[in-house]
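Trainee: Pasting a structure below so you can have a look.
The values are calculated or read from the model by the stated rules, or taken from the named source; none is laboratory data. This one's a predicted model, so the numbers in the text were calculated from it and none came from an experiment. FYI the Cβ positions are ideal-geometry reconstructions off the backbone, even for glycines, and counts take in every protein chain you see.
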Ligand SMILES: *Cc1c(COP(=O)(O)O)cnc(C)c1O
C-alpha cells in the first residue's frame, strides 16, 4: 500500500499483517456482536435515566444538587446491574478506586484473601504486602490481615485452597479477585469463571464479600462481575469504560450498603456522595461511557490481530488469537530486552500524540520493577488508547492494550515489527 510504503513499512511487514488479518473475520464478528449488545445496554441505561444536556453542566464548590454527579452514578449502576455506584473525577486512578473499595469494606482484625495470586503491583502498597512494618497508612497498618491463594497452573481458582485460607483466618471478611491478567502470564477470568467460583464459595460462606478488580475487563463480555455474584467492583475511567474520551476518574459499583461505605471513604462519613463538584463538563464522562462498548471492541480486535501476527512469527502469546477474551490485554513473550524496547518504540512511533518520543524504562510510582511504557495518548497514560507496557525483566513479556480504533493498532503493529527488524 502506497501510504504504508511512504511511512517506511516494508512490503514483507505489510503482507504478514494482511495475511494474519485475513484469517480473523469470524472472531471479529463475534467481538462486534458483543459490542453491539453492550451498545444497546448502554443506550438503554441512558434512556432509563432520562439523561439530558443539563447533566453535563459544570458545578463548583460543594456541588450540592449536582445533577450530573448523581446521573452518572445512576447510569453506571444500571449498566453494571448493580444496586449502586460512584463514578467520579475525584477518584484519581484504578488503584485509588480499588483502594477505596478495600478500605470501605475491611476493618481492623479482618482478613482479606486474594484468590487470584498476587494482586496488581500498585495494590501491594495499599494492602501493605512486603512493607507492612512501615507506616504508610496501608491496610496492614490498620491491622487488616492479608492472605493469598496462588494463581493455579490450570487457570481455575482453587476453591479448596480458598476454603482452607478462610478456615485458617481469624476473620475472613473479603475475597479479592483480579479479573484481568495484569502483569502476569495468566489468563483473564471470564464472567462464567467468576460465577462458578462465587456460587461455590457463597454456598459455604454466604456473608463473605467478593471484591473484583475489574480493570481492563469492562464491556469485553455481555455481562459484568456483579451479574456473576460479585459484591463490589472497581476500575479506572481511563481504561475501558471511559471509551477514550473520559479525562480522568474511577468507579466503584455493587451492593448498596457497600457502595455507601465506599462513598464515605471517598469523601467522608456523613458526606458520602452528597458533595463533590466538577467545573469541567461531565459530558466526556457520559460520552465516553457511550463510546466504550465500541472502543473496547476495537481494542479487542487489535489484540486478536497482535496475537495472530506474533503466533505466526513463532512467539508465545497469551491468550491465543482464538481464545475467549475477558480483558483487552494481549501478552507477548518477546524473550529479549532489545526486542521489547523495539516493540515499545514502534508503538510510540505510531502514536498520534508524542510520536517523536522514545519510551525508556523508569521506576514508576507503585511498581516494583522498572517499567517501559509506550503511550502516545490524548489522555495521559490512558491504556485504552494504543499503548504497550512491560516490566523490564526476563522473559521480557510485553502487555499490549488498547487502541481507540482497530486501524491504529494495525499500524502500531506494523511500526513495532519494523523496529524489531525480525522480518
Ligand atoms: C490498571 C490496573 C489497575 C490500576 O491501575 P491504575 O494505573 O491505578 O489505574 C489495577 N489492576 C489491574 C489489573 C490493572 O490493569
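Trainee: For the structure I just gave you, tell me whether residue 295 is within 20 Å of the chain's Cα centre (by Cα), closer than 23 Å to residue 24 by Cβ and in a strand (DSSP E or B).
Mentor: no
Trainee: If you check residue 31 against the conditions, is it touching a residue at least 12 places away in the same chain (Cβ under 8 Å), closer than 23 Å to residue 263 by Cα and crowded, with 21+ Cβ neighbours inside 10 Å?
Mentor: no
Trainee: Return a yes/no flag: does the range 211-219 have any residue that is farther than 22 Å from residue 384 by Cβ, within 16 Å of the ligand (Cβ to nearest atom) and buried (at least 21 other Cβ atoms within 10 Å of the Cβ). Even if it seems obvious, please write down each step before you answer.
Mentor: From the range 211-219, those farther than 22 Å from residue 384 by Cβ are 211; that's our starting set.
Subset that is within 16 Å of the ligand (Cβ to nearest atom): 211.
Now restrict to residues that are buried (at least 21 other Cβ atoms within 10 Å of the Cβ): 211.
Taking every residue of the range 211-219 in turn, at least one turns out to be farther than 22 Å from residue 384 by Cβ, within 16 Å of the ligand (Cβ to nearest atom) and buried (at least 21 other Cβ atoms within 10 Å of the Cβ).
Trainee: Farther than 30 Å from residue 27 by Cα, within 11 Å of the ligand (Cβ to nearest atom), in contact (Cβ under 8 Å) with a residue 24 or more places away in the chain and crowded, with 24+ Cβ neighbours inside 10 Å: is that true of residue 249 in this structure?
Mentor: Yes: the conditions hold for residue 249.
Trainee: Look through the range 355-382, keep the residues that are exposed (fewer than 15 other Cβ atoms within 10 Å of the Cβ) and within 26 Å of residue 4 (Cβ to Cβ), and return whichever of them is farthest from the chain's Cα centre (by Cα).
Mentor: Here the answer is 356.
Trainee: Considering the range 203-228 alone, what residues qualify as being touching a residue at least 24 places away in the same chain (Cβ under 8 Å) and out of contact with any strand residue (DSSP E or B) (no Cβ under 8 Å at 6 or more places or on another chain)?
Mentor: Once the filter is applied, which keeps residues that are touching a residue at least 24 places away in the same chain (Cβ under 8 Å) and out of contact with any strand residue (DSSP E or B) (no Cβ under 8 Å at 6 or more places or on another chain), the range 203-228 yields 204, 219, 220, 221, 222, 223, 227, 228.
Trainee: In this structure, is residue 176 within 16 Å of the ligand (Cβ to nearest atom), more than 23 Å from residue 290 (Cα to Cα) and at pLDDT 95 or above?
Mentor: yes
Trainee: Among all residue pairs at least 6 apart or on different chains, which show Cβ distances below 8 Å where the first residue, located in the range 304-324, is farther than 16 Å from residue 220 by Cα and the second is at pLDDT 95 or above and loosely packed, with under 15 Cβ neighbours inside 10 Å?
Mentor: 307/320; 308/23; 311/320; 312/19; 315/335
Trainee: Moving to a separate point now. So which pairs qualify, if the first residue must be in the range 92-107 and under 14 Å from residue 176 (Cβ atoms), the second must be near the ligand (Cβ under 7 Å from one of its atoms) and at pLDDT below 95, the Cβ gap must be under 6 Å, and the two must be at least 6 apart or on different chains?
Mentor: Cβ pairs passing all conditions: 95/122.
Trainee: Could you please let me know if residue 332 is at pLDDT 95 or above, more than 25 Å from residue 93 (Cα to Cα) and crowded, with 23+ Cβ neighbours inside 10 Å?
Mentor: yes
Trainee: Keeping to the range 255-266, report how many residues are in contact (Cβ under 8 Å) with a residue 12 or more places away in the chain and either assigned to a loop (DSSP other than H, G, I, E, B) or surrounded by fewer than 18 Cβ atoms within 10 Å (Cβ to Cβ) (or both). Spell out the reasoning first.
Mentor: As a first pass, look at the range 255-266 and keep what is in contact (Cβ under 8 Å) with a residue 12 or more places away in the chain: 255-256, 258-266.
Add one more test, that the residue is either assigned to a loop (DSSP other than H, G, I, E, B) or surrounded by fewer than 18 Cβ atoms within 10 Å (Cβ to Cβ) (or both), and what stays is 255-256, 260, 264.
Looking only at that region, the number is 4.
Trainee: Go over the candidates 351, 400 one by one and state the one that is in a loop (DSSP other than H, G, I, E, B) and under 28 Å from residue 32 (Cβ atoms). First the steps, then the outcome.
Mentor: Details: 400 fails: in a loop (DSSP other than H, G, I, E, B).
Just one listed residue meets the conditions, 351.
Trainee: Go through 183, 205 for me and flag whichever is away from the ligand (no atom under 16 Å from the Cβ) and either within 18 Å of the chain's Cα centre (by Cα) or modelled with pLDDT of 95 or more (or both).
Mentor: It is 205.
Trainee: When the residues of the range 78-98 are narrowed to those that are crowded, with 24+ Cβ neighbours inside 10 Å and within 16 Å of the ligand (Cβ to nearest atom), which ends up farthest from residue 246 (Cα to Cα)?
Mentor: It comes out as 98.
Trainee: Please list, ordered by residue number, the strands (runs of 3 or more DSSP E) wholly in the range 163-252 having 1 or more residues that are farther than 30 Å from residue 90 by Cβ. Before the answer, list the steps.
Mentor: Numbers: elements: 172-178, 209-213, 232-236.
Output list reads 172-178.
Trainee: Is at least one residue of the range 355-367 over 24 Å from residue 301 (Cα atoms), touching a residue at least 40 places away in the same chain (Cβ under 8 Å), in contact with a helix residue (DSSP H, G or I) (Cβ under 7 Å, 6 or more places away or on another chain) and part of a loop (DSSP other than H, G, I, E, B)?
Mentor: Yes.
Trainee: Residue check: is residue 111 within 16 Å of residue 176 (Cβ to Cβ) and within 16 Å of the ligand (Cβ to nearest atom)?
Mentor: So residue 111 fails the test.
Trainee: For the range 373-385, state whether one or more residues are in contact with a helix residue (DSSP H, G or I) (Cβ under 6 Å, 6 or more places away or on another chain), within 18 Å of residue 239 (Cα to Cα) and away from the ligand (no atom under 16 Å from the Cβ).
Mentor: Checked the range 373-385: at least one residue is in contact with a helix residue (DSSP H, G or I) (Cβ under 6 Å, 6 or more places away or on another chain), within 18 Å of residue 239 (Cα to Cα) and away from the ligand (no atom under 16 Å from the Cβ).
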